[in-house]
Amino acid sequence: MIDLIPTATAIIAELADSFVFNFKRYAIAATVIAILVWTLKRTAWRSRQIQKRSPGFADFRREFLASVGAIMVFAVLNIFLNWGFRIGIFHDYQGTQSLWVVALFFAAMTLGHDTYYYWTHRAMHTRLLFRTVHRYHHRSVTPSPWTAYSFSLPEAALNFIYLPVWLYFIPTPQDAIWSYVIFQIIRNTMQHAGLELHPRGTATHPIGKWIVTTTHHDMHHGGGFTHNYGAWFTFWDKLMGTEHPAYVDTFNRVTAPAGANVPDTPCPKGTPA
């Protein structure tokens, strides 16, 4: 029993380790994407800025501070996740951990999260939950890489819950879990970049059209509140009829060569809930 109940010192150390790890993930990914966007805006790619407005220092400060709060929620909940492994609620994966097995689990875990996110995201846009859970994230009408974890505390908890739910039902190789964790923050910061980072033609490519681009998610922040709920893939939005009807035209406009005469396709203003 003593081994199953950590001491206060152990809990504090575990909390600190988890916070530092998640903060580093966020800070490194957001910084790299922010520097990339800053650099590209000084090239011909500046025409790929999705909205006319650019976020300012006050936006960055608000998003960064909110993200620190969200990371603290992740760190606290991670203590319970680790405790669940110690007492046998969750189980370590015991099978073969070849590269193909890890890749298969990673793909399944990512697809599972996309489904979880789509439906919880739609739920957060109902009048019941929007103001108390999701409204803070939508203060970033013009998102930036720092928006990635700019959540209210309840939304941060809701985002974390997917991992223990998945692990309760499906013991997963550690390499697949870490790959998912790294993938998630890189894609998250890319989708909030404010500058389209995907190749021209992605929105209509036989494979690319199933991937959530920066424009796809930016339109959700910029006024298309009742569209584009997907996290990583667009198939739920396509299946449920929630993909923004102007998405493809907007993506094509944003990624057109600099100076091209392409009609503007502003995102119609909607209501968050």
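The values are calculated or read from the model by the stated rules, or taken from the named source; none is laboratory data. Just so it is clear, the model here is predicted, and its values are computed rather than measured. A quick note on method: Cβ atoms are made from the backbone with ideal geometry, for glycine too, and the neighbour counts reach across all protein chains shown. The accessibility values were calculated without ligands, DNA or RNA, using every heavy atom of the protein model including side chains. Shrake-Rupley method; radii C 1.70, N 1.55, O 1.52, S 1.80 Å.
Points worth noting:
- Mean projection area, nm², convex hull over Cα of the range 1-102: 10.7
- Nearest-20 debye value, the chain charge dipole, Cβ charges on Lys, Arg, Asp, Glu: 1020
- In degrees, nearest ten, helix 57-87 long axis to first principal axis of the chain (Cα): 30
- Principal-axis tilt of helix 174-191 within the chain, Cα atoms, nearest 10 degrees: 30
- Just so you know, the averaged projected area of the alpha carbon convex hull for the chain sits at 15.9 nm².
- Note on LYS24 and TRP38: their simple-model spin labels are 2.2 nm apart, each label 7 Å out from Cα toward Cβ.
- Magnitude of the charge dipole for the range 116-273, about its Cα centre and with charges confined to Cβ atoms of Lys, Arg (+1) and Asp, Glu (-1), is about 320 debye.
- On the chain, 70 percent of the accessible area sits on carbon and sulfur atoms, based on a 1.4 Å probe.
- Rolling a 1.4 Å probe across the protein heavy atoms gives the chain an accessible surface of 50 Å² per residue.
- Note, ³J(HN,Hα) from phi for the range 214-224, Karplus 6.51, -1.76, 1.60, rounded to Hz, x at Gly and Pro: 4, 4, 4, 6, 4, 5, 5, 6, x, x, x
- Straightening the chain between LYS52 and ALA103 buys 14.4 nm, computed as 0.36 nm per residue apart minus the Cα-Cα spacing.
- Between the range 133-150 and the range 177-200, the Cα center-to-center distance that results, in Å: 15
- Applying 0.36 nm per residue to the separation of ILE12 and THR126 and subtracting their alpha-carbon distance, the gain on full extension is 37.4 nm.
- Per the Cα gyration tensor, the range 2-58 maps to an equivalent ellipsoid with semi-axes of 42, 11, 8 Å, ordered largest to smallest.
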